[in-house]
Amino acid sequence: MNKGEVMYEGKAKIMYATDEPDKVLVYFKDDATAANGEKHGVIQDKGIINNKISEYFFKLLKSNGINSHFIEVVSDREMVVKLLRMISLEVVVRNVAAGSLAKRLGLEEGTPLKVPVLEYFYKSDELGDPMLNRYHIMAIDIARVHELDEIEHIAFCVNTILKDNLRSKNIDLIDFKLEFGRDDKDKIVLADEISPDNCRFWDMATHEKLDKDRFRHDMGGVEEAYKEMLTRLTM
């Protein structure tokens, strides 16, 4: 497989075309951003770690019946994925109050939620990724009812699988973000990545943060936290 032209470059990844039109090469960068891109930095070896952690989770999900765009890892920083038509939504599943949810609802960070909460955000840097509900999504033709049903079903299944797996690693899954796309048959497929960049992972005993919150809030120990996550998952 040959790497072609850049199709898209985001905050954390670069997508390259390949000589196989239905496949894309994803390169994971060390760049880090927060506060809707206002804060910039570099986390050493983040791209390598996120590539490996995403591989771990995509393989775990596949073994539990959840398909994704993932095909294979081809280098420390690169994986091959299926070409999808991406849906302009960020799908956030929350198990514990943290981040923006804690602020919006006036909850103390770390408060367990009675049931998992699913939220939609419109992927638009220009608009600051505003929160949407189902009616907004259908009104501006981002997705249809049956697609949202499928997205929510997959998201909650992913939540259960990841929580159970991480519990065995003494890690609490606080919340996480997923993205989805449509394949050439219009089937909804899980995409993007699953890593400390878009998940909140806390140590079960100490509540130590093992994710990008350490970068967001200048807590220090960012590289160590990412490495600790990879070690726990693969040990």
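Laboratory data are not the source of any read-out in this text; all were calculated from the coordinates shown. Here the structure is a predicted model, which is why all the values come from computation and not from measurement. Cβ placement follows ideal geometry from the backbone for every residue including glycine, while neighbour counts extend to all protein chains displayed.
Worth pointing out:
- Cα-derived Rg over Rh, computed across region 90-146 with Rh taken as Kirkwood radius: 1.03
- Under 5 Å from the amide H of Asp175 lie the amide H atoms of Asn95, Arg200, each residue being 5 or more positions distant or on a separate chain, with H modelled from the backbone and absent for Pro and chain starts.
- Relative pair counts by distance (%), Cα atoms of region 54-133, 5 Å bins: 3, 12, 15, 15, 17, 18, 13, 6, 1
- Taken along the Cα-to-beta-carbon direction at a fixed 7 Å, the label points for Asp45 and Met1 span 2.5 nm.
- Altogether, the Stokes-Einstein calculation at 10 °C and 1.306 mPa s, with the Kirkwood radius of region 85-221 over Cα pairs as Rh, returns a diffusion coefficient of 100 µm²/s.
- Phi angles across region 191-206 convert, under the Karplus curve 6.51 cos²θ - 1.76 cosθ + 1.60 with θ = phi - 60°, into 3J(HN,Hα) values of 9, 6, 9, 10, 7, x, 6, 10, 10, 9, 10, 10, 4, 5, 8, 9 Hz, Gly and Pro given as x.
- Alpha-carbon spread of the chain, three principal axes, descending order, Å: 48, 41, 37
- Spacing of the modelled spin labels on Ile66 and Asp125, each 7 Å from Cα toward Cβ, amounts to 2.8 nm.
- For region 27-117: relative contact order, % (alpha-carbon pairs under 8 angstrom, 6 or more apart): 18
- Only helices enter the 222 nm calculation for the chain: every DSSP H run of n ≥ 4 contributes -39,500 (n - 2.57), and dividing by all residues gives -9500 deg cm²/dmol, rounded to 500.
- Approximate spin-label separation His136-Met15, in nm, with each point projected 7 Å along Cα-to-Cβ: 2.2
- Amide H contacts under 5 Å for Lys212, placed H, 5+ residues apart: Cys199
- Extreme residue, positive dipole direction of the chain, given options Ile161, Tyr27, Tyr226 (C-beta unit charges): Ile161
- Cross-link pairs exceeding 22 Å in C-alpha to C-alpha distance, out of Lys52/Lys177; Lys11/Lys46; Lys11/Lys169; Lys59/Lys123; Lys11/Lys59; Lys29/Lys187, comprise Lys11/Lys169; Lys59/Lys123; Lys11/Lys59; Lys29/Lys187.
- Our coupling estimate for region 30-36, obtained by passing each phi through the Karplus curve with A = 6.51, B = -1.76, C = 1.60 and θ = phi - 60°, is 8, 4, 10, 9, 8, 6, 6 Hz, Gly and Pro reported as x.
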